[in-house]
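Step one of this worksheet: look at the structure below.
The values are calculated or read from the model by the stated rules, or taken from the named source; none is laboratory data. None of the values given here were measured: they were computed from a predicted structure. So basically every Cβ, Gly included, is an ideal-geometry build from the backbone, and we count neighbours across all protein chains shown. Ligands, DNA and RNA are excluded from the accessible area calculation, which covers all protein heavy atoms including side chains. Shrake-Rupley method; radii C 1.70, N 1.55, O 1.52, S 1.80 Å.
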Amino acid sequence: MQKNFRNIAKVSLVLVYMVIIAGAVVRMTGSGMGCPDWPKCFGYYIPPTDISQLQWQPEFNYNEGQVIIREESLWVAKADFTTARNYDKVNWDKYERHDYAVFNALHTWIEFINRLFGALAGIATLFLALASISFWQKDKKVTLISWLVVFGMGFQAWLGATVVYSVLEPVKITMHMVMALFIVALLVYLIYKTDSSSKNGKYDKKVTLTIWIALGLTLIQIVLGTQVRQFVDHQIDLFGENAKDIWLANPSIQFYIHRSFSILVVLINLYLAYSISQKRLGYSKINWVLGLLLIEVITGIVMYYFDFPFASQPLHLILAAFLFGIQFYLVLEATKGIRSQKSL
């Protein structure tokens, strides 16, 4: 199993990033409440495609847990039963976790696909944990972190449920994103840790500290970005999805902090790239960091000055997640350099 472990870890990482991409599309399309219950969707494992499937029907077989929309509320079947000709309230419990009862087929299926990727990522990480048992004698840390990923995915699923139950409470959305990045970091660590072909890099204390600072700034910037997105969501609720030109007409203070903070992020990474080059440390991933930063800045400018073109918002978030993963890889390279130097 050790031979396939790293490939399984890579597949798991790709699937986790697919979940992040799907989540970004969910935010872009406003599909967060496309499935108002969890883990099912309107009480179905395969969600409905038409509103008629959620309307009460006479002489129809309903299963326990199935949901209908009636009187602008969700109602859940108490047990398996067949309806009579007239609606009987005794067979139904009102859904109490929230009062959101809107069906939009597009939103429902976008959210369902997001959850499907989450389930696939969960299965992949479970296989990863099982494969990691073969490392127990050789490197217990690999096994322990692999199982931590599994528990992290479980916690992430629970966070996803709380996001739905809170009707997209901003703080919970931010926690959901930060937890996804934590899982990315663990998987990147496992991939790097089990790479037998990796070479020990040179160590420079100042550069290592700068890499840690750059990673921390990126994480802060992502959190600030989620807060800006929350403000935009509020503007959408106020002015509608077609009023893109006024979403940031009177931006919040978080927007200005996020925009100004990006300058610091760019400068610290440019300085880092210069230092790595001058000292010939060989950390080639810094080129990926600079490339992602360039596109990230461009997408930010495009969103502000061109009124949020299609796909600019999810692309901005996805690039930030990729940036975080690569910067964490740089941290591992620098840390391995420290271990290598101490062993000399």
Original post:
Just one of Trp158, Trp147, Trp92 is at pLDDT 90 or above and in contact with a Lys or Arg (Cβ under 9 Å, 6 or more places away or on another chain); which is it?
Top reply: Trp92
Original post:
Of the numbered conditions (1) within 21 Å of Arg27 (Cβ to Cβ); (2) among the aliphatic types (A, V, I, L, M); (3) surrounded by fewer than 13 Cβ atoms within 10 Å (Cβ to Cβ), Met303 satisfies every one except a single condition; which is it?
Top reply: (3)
Original post:
If a residue has to be touching a residue at least 12 places away in the same chain (Cβ under 8 Å), in a helix (DSSP H, G or I) and under 30 Å from Met177 (Cα atoms) to count, how many in region 63-122 make the cut?
Top reply: 16
**OP:** For Val26, state whether it is under 15 Å from the mean Cα position of the chain (by Cα) and open to solvent by 30 Å² or more (accessible area, probe 1.4 Å).
**Re:** no
Original post:
Out of (1) at pLDDT below 90; (2) open to solvent by 70 Å² or more (accessible area, probe 1.4 Å); (3) not charged (D, E, K, R), what's the single condition that is false for Phe60?
Top reply: (1)
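Being in a helix (DSSP H, G or I), in contact (Cβ under 8 Å) with a residue 24 or more places away in the chain and of a type in the set (Gly, Ala, Ser) is the filter here; which residues of region 1-57 pass it?
Ala9, Ser12, Ala22, Gly23, Ala24, listed by residue number.
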Subject >> When residues of region 139-177 are limited to those that are out of contact with any helix residue (DSSP H, G or I) (no Cβ under 8 Å at 6 or more places or on another chain) and in contact (Cβ under 8 Å) with a residue 24 or more places away in the chain, the one farthest from Ala320 (Cα to Cα) >> reply: Tyr165
**OP:** Tell me which residues, restricted to region 206-247, are free of Cβ contacts under 8 Å to residues at least 12 places away in the same chain and outside any helix (DSSP H, G or I).
**Re:** Gly240, Asn242, Ala243
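A quick yes/no check of all residues on (1) under 27 Å from the mean Cα position of the chain (by Cα); (2) of a type outside the set (Val, Ile, Thr); (3) open to solvent by 70 Å² or more (accessible area, probe 1.4 Å):
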site	(1), (2), (3)
Phe81	no, yes, no
Ala84	no, yes, no
Trp92	no, yes, no
Arg97	yes, yes, yes
Ile110	yes, no, no
Ser132	yes, yes, no
Trp136	no, yes, yes
Ser146	yes, yes, no
Original post:
Among the residues of region 29-56, which ones are under 23 Å from the mean Cα position of the chain (by Cα), surrounded by fewer than 17 Cβ atoms within 10 Å (Cβ to Cβ) and over 23 Å from Val178 (Cα atoms)?
Top reply: Lys40, Tyr45, Ile46
Subject >> Hits in region 244-297 - residues which are open to solvent by less than 40 Å² (accessible area, probe 1.4 Å), closer than 18 Å to Val207 by Cβ and not β-branched (Val, Ile, Thr) >> reply: Asn269, Leu272, Ala273, Ser275, Leu281, Tyr283, Leu293
**OP:** Please enumerate the residues belonging to region 195-220 that are under 20 Å from Val16 (Cβ atoms) and at pLDDT 90 or above.
**Re:** Leu215, Thr218, Leu219
Original post:
Just a yes or no: is a residue in region 314-334 open to solvent by less than 50 Å² (accessible area, probe 1.4 Å), polar (S, T, N, Q), in a helix (DSSP H, G or I) and within 25 Å of Tyr192 (Cα to Cα)?
Top reply: yes
**OP:** Tell me which residues, restricted to region 166-189, are surrounded by 15 or more Cβ atoms within 10 Å (Cβ to Cβ), among the hydroxyl-bearing types (Ser, Thr, Tyr) and over 19 Å from Ala9 (Cβ atoms).
**Re:** Thr174
Subject >> Test set (1) within 16 Å of the chain's Cα centre (by Cα); (2) open to solvent by 20 Å² or more (accessible area, probe 1.4 Å) - Thr218 fails condition number >> reply: (2)
